[in-house]
1. Return the total of residues in the stretch 79-100 being within 13 Å of the chain's Cα centre (by Cα), more than 9 Å from ligand 2 (Cβ to nearest atom) and assigned to a helix (DSSP H, G or I).
2. Any residue at all in the stretch 52-72 that is modelled with pLDDT of 95 or more and surrounded by fewer than 15 Cβ atoms within 10 Å (Cβ to Cβ)?
3. Report, by residue number, each residue of the stretch 228-242 that is closer than 25 Å to residue 74 by Cα and either surrounded by fewer than 18 Cβ atoms within 10 Å (Cβ to Cβ) or in contact with an Asp or Glu (Cβ under 6 Å, 6 or more places away or on another chain) (or both).
4. Testing residue 256 on (1) surrounded by fewer than 14 Cβ atoms within 10 Å (Cβ to Cβ); (2) more than 15 Å from ligand 1 (Cβ to nearest atom); (3) more than 19 Å from residue 332 (Cα to Cα), one condition comes back false. Which one is that?
5. Can you find a residue in the stretch 108-116 that is part of a helix (DSSP H, G or I) and either out of contact with any His (no Cβ under 7 Å at 6 or more places or on another chain) or under 29 Å from residue 258 (Cα atoms) (or both)?
6. Here are some residues: 206, 238. Which one is on the phi > 0 side of the Ramachandran plot and in contact (Cβ under 8 Å) with a residue 40 or more places away in the chain?
7. Restricting attention to the stretch 303-328, which residues are under 25 Å from residue 98 (Cβ atoms), part of a helix (DSSP H, G or I) and away from ligand 1 (no atom under 13 Å from the Cβ)?
8. Can you say whether residue 90 is farther than 15 Å from residue 246 by Cβ and within 16 Å of ligand 1 (Cβ to nearest atom), as far as the supplied structure shows?
Amino acid sequence: MPDTYETPKRSNGPATPDDWLIYTGTRTPHDGIDRLPAPPPWRAFHGGEPLPRPAADTGNQHAAVSYRPGVEAIRQVNAALYLRRPLLVTGAPGTGKSSLAYAVAHELGLGKVLHWPITSRATLREGLYEYDPLTRLFAAERSRGTGSSGRHPQIDTDNDIGDYLRLGPLGTALLPYDRPRVLLVDEIDKSDIDLPNDLLTIFEKGSYDIVELARRANPSAKVMTADSTRDRVEIREGTVTCRAFPVVIMTSNGEREFPPAFLRRCVSLQMKQPADIEELTAIVREHLGGVLDGDDELPETTQQIIEHFFQRRGTGLLANDQLLNAIYMCHHAALHDRPESVMALADQVMPFLSGETAPGDDA
Ligand SMILES: Nc1ncnc2c1ncn2[C@@H]1O[C@H](COP(=O)(O)OP(=O)(O)OP(=O)(O)O)[C@@H](O)[C@H]1O
Ligand SMILES: [Mg+2]
């Protein structure tokens with residue numbers, strides 16, 4: 001595989017070493033996911049009736065189409081796809097960990113990314129589903145007391161549970177879709193100590209129970225999902241099992257070590273900073289090509305800021321989006337201001353995030 005961002009286009013000719021790649025990083029949507037071989041026998045899941053494909057993601061489209069994955073990212077995303085394992089992406093702020101999820105969903109036509117932002121208060125239960133028994137009780141009481149007067153509609157209290165059950169991002173990702181959903185477990189290193197291990201169990205089983213449903217006489221209901229409160233999904237026997245294991249992308253800034261048992265069940269990817277000025281320039285073009293005129297050559301101020309950013313990155317932590325912000329600001333300021341104050345503005349817009357440099361910063 002060439003050591004550049006671009007991967008070769010698939011052809012009908014003889015197989016090339018890259019023909020095994022499903023996710024190619026080319027950013028052009030395709031149906032390559034349908035060529036994914038059957039899972040290893042120990043990662044096969046047999047959920048119920050397949051659900052219709054979810055609608056395409058209309059949010060975060062810019063991140064999806066402007067993201068340029070490195071060679072290693074492409075390879076590890078494919079390893080996670082083949083092995084039906086979660087991908088643990090670590091790296092400094094702004095190295096594109098979260099954007100990768102949107103780029104994969106866009107290229108492989110996997111619909112809306114299910115985003116689960118993790119905080120220290122996040123629990124497995126909230127990721128799977130939320131049940132609101134209090135509101136249900138109030139609604140039932142209101143209906144009982146005033147239903148006959150016509151002020152509130154009569155509620156079918158035996159079959160209304162689905163109105164108070166909503167699947168979370170993890171719970172929705174494990175529904176039996178034919179094509180995998182993309183689940184972004186964002187900043188998992190901020191979680192409570194138990195969450196990674198709790199997740200492990202769910203990812204091993206590809207399945208979970210909704211106990212509030214399972215213990216009813218009628219353990220089936222149409223519930224809300226993380227995608228929508230209107231389009232309901234039927235859960236049977238109080239259990240959800242996936243068919244295609246979701247593309248799980250867990251991001252971490254490395255604020256915490258994970259247990260070996262957790263690491264062994266993940267495919268790992270260490271995200272690096274762009275290695276040289278050419279890579280940085282390509283990222284800038286991708287994001288700001290439309291803003292910075294259409295010529296082949298980037299404006300001189302932009303080139304200077306890229307070089308300046310690259311040198312400064314060797315002495316402290318800087319993120320790629322600070323560069324993008326600085327170029328955008330300075331492009332506008334340069335139309336009116338003196339060159340010295342434009343460069344001073346660049347420094348102000350991209351202050352060091354820390355005195356340490358990120359892994360891979362050898363500028
Ligand atoms: N390889 C890349 N190609 C194109 N854009 C990139 C690349 N890497 C980073 N970016 C851009 O940098 C910005 C930050 O990316 P993103 O939010 O995905 O980083 P992150 O690693 O998740 O950061 P954090 O740890 O702060 O959440 C985005 O605008 C993203 O599009
Ligand atoms: Mg992020």
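The values are calculated or read from the model by the stated rules, or taken from the named source; none is laboratory data. Predicted model only: the values in this text are computed from it and were never measured. A quick note on method: Cβ atoms are made from the backbone with ideal geometry, for glycine too, and the neighbour counts reach across all protein chains shown.
1. Summing the residues that are within 13 Å of the chain's Cα centre (by Cα), more than 9 Å from ligand 2 (Cβ to nearest atom) and assigned to a helix (DSSP H, G or I) in the stretch 79-100 gives 1.
2. Within the stretch 52-72, one or more residues are modelled with pLDDT of 95 or more and surrounded by fewer than 15 Cβ atoms within 10 Å (Cβ to Cβ).
3. none
4. (2)
5. Yes, the stretch 108-116 has at least one match.
6. 206
7. Those that are under 25 Å from residue 98 (Cβ atoms), part of a helix (DSSP H, G or I) and away from ligand 1 (no atom under 13 Å from the Cβ): 305, 306, 310, 312.
8. So residue 90 fits the description; yes.
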